[in-house]
1. R0 = 45 Å: FRET efficiency of Leu178 with Arg35, Cβ-based, nearest 0.05?
2. Report the local net charge at Asp171: Lys and Arg +1, Asp and Glu -1, summed over other residues whose C-beta lies under 13 Å from its C-beta.
3. Return the Rg/Rh ratio of the range 88-138 with Cα-based radii and a Kirkwood Rh.
4. I'd like the orientation of helix 135-149 relative to the chain: the angle between its Cα long axis and the longest Cα principal axis, in ° from 0 to 90, rounded to 10.
5. For the range 88-193, what is the charge dipole size about the Cα centre, in debye to the nearest 20, if Lys and Arg each add +1 at the Cβ and Asp and Glu each add -1 at the Cβ?
6. When the expected Rg is taken as 2.2 N^0.38 Å, what fraction or multiple of it is the alpha-carbon Rg of the chain?
7. Below 8 Å, C-alpha to C-alpha, sequence gap of six or more: please give me the relative contact order for the chain in percent.
8. Using +1 at the Cβ of each Lys and Arg and -1 at the Cβ of each Asp and Glu in the chain, identify which of Val95, Trp116, Leu138 lies farthest towards the dipole's positive end.
Amino acid sequence: MASIGDIITARVRVKLLELFFSNPSEKYHVRGLERAIGEEINSVRRELGQLERAGILQKEQRKNRLLYWPRKEYPLFGDLISIVAKSTGIGGSIVSNKSKLGSLSFVMFSGRFVRWKERVSDEEVEILVVGKVGLNELSSIIRAEESRRGREINYTVMTREEFDFRKKRRDPFLQGILAESRVMIIGDEDLLVS
């Protein structure tokens, strides 16, 4: 399976990037990072310094703790979120189990979902899956992520024929999904929206 480790060889840096960009709104202190990624404190501090100097992370002193979090203004912020979404968590599970799930044309996560933001409404679709899908396999992957996040995930599954028909008819439900920000996990975004 493809991962951020394919292009970045520093093990601690990879772990930090995966942690920060799998939940980009979370702030972490150094000791918490050490425990979360299971690496030595000096290695963690060194990599945090390099990531901050590169402009990827920002920090803030609060009482006796130094907190770090991703800098949204970093030019590759969205790209890093996309890479991490495809290689970790539910995105990684879907990609690595693609053959078990069936014939997938598209898998799309909403931008709010990958940034761990709450849904605006109960109707907001967080995951769109298009293709011939093994629903039992997909629902077990979704349930595992719901357990990890501590909340229900709103997802929609359509066959490719239903998707194409609804897109051609300019179905309001589908148009609403496609109008939102998104991260493509499987498939080409241009084919999804064209």
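1. With R0 = 45 Å, the Cβ-Cβ based efficiency is 0.65.
2. +3
3. Using only Cα positions, Rg/Rh for the range 88-138 is 1.00.
4. On a 0 to 90 degree scale, this one is about 30.
5. Magnitude of the dipole: close to 120 debye.
6. Normalised by 2.2 N^0.38 Å, the Cα Rg of the chain equals 1.11.
7. Computed over the chain, the figure is 21 percent.
8. Checked the options; the winner is Trp116.
Rule-based calculations on the coordinates, nothing more; no lab input. Quantities reported herein were computed from a predicted structural model and do not represent experimental measurements. Note: ideal-geometry Cβ built from the backbone for every residue, glycine included; neighbour counts use all protein chains shown.
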